[in-house]
Amino acid sequence: MQSKKIYFAQTVLTIVLSLICLTRVYGLEIAKPFVLKSLDGKEVDLRDFEEKVILLSFWATWCKPCLAEMPKIERIHSRYRNSELVVLGINVDENDKKKAVNHIVKYSF
């Protein structure tokens, strides 16, 4: 079990460092800039994180694989919170903000 955790951490770190190198050395723009509203109604502009590596997680309350990966993404976010990594969760439930908020509160994401 410990070796799986170490492998997972090494894999995440490798991905994060690779993305930092790609964006800084080659000036790559992997995602086109966009603006969305946060759950509290504020605008979140992808360009606000230009100097960071962004992990975009598209999810829905009805998507079982999405829900299964959320605790892992939360652990990555917690571990690298003070680094170059920014985690943005984008809920794709159609106009059901209340359902998304309830889900986030229920599962502590």
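The values are calculated or read from the model by the stated rules, or taken from the named source; none is laboratory data. Since we're looking at a predicted model, the values are computed, not measured. Remember, those area values only see protein heavy atoms, side chains included, never the ligands or the DNA or RNA. Shrake-Rupley method; radii C 1.70, N 1.55, O 1.52, S 1.80 Å.
Please go through the range 38-62 and pick out each residue that is within 13 Å of the chain's Cα centre (by Cα), more than 13 Å from residue 86 (Cα to Cα) and open to solvent by less than 80 Å² (accessible area, probe 1.4 Å).
59
Look through the range 69-102, keep the residues that are β-branched (Val, Ile, Thr) and modelled with pLDDT under 85, and return whichever of them is least open to solvent (accessible area, probe 1.4 Å).
90
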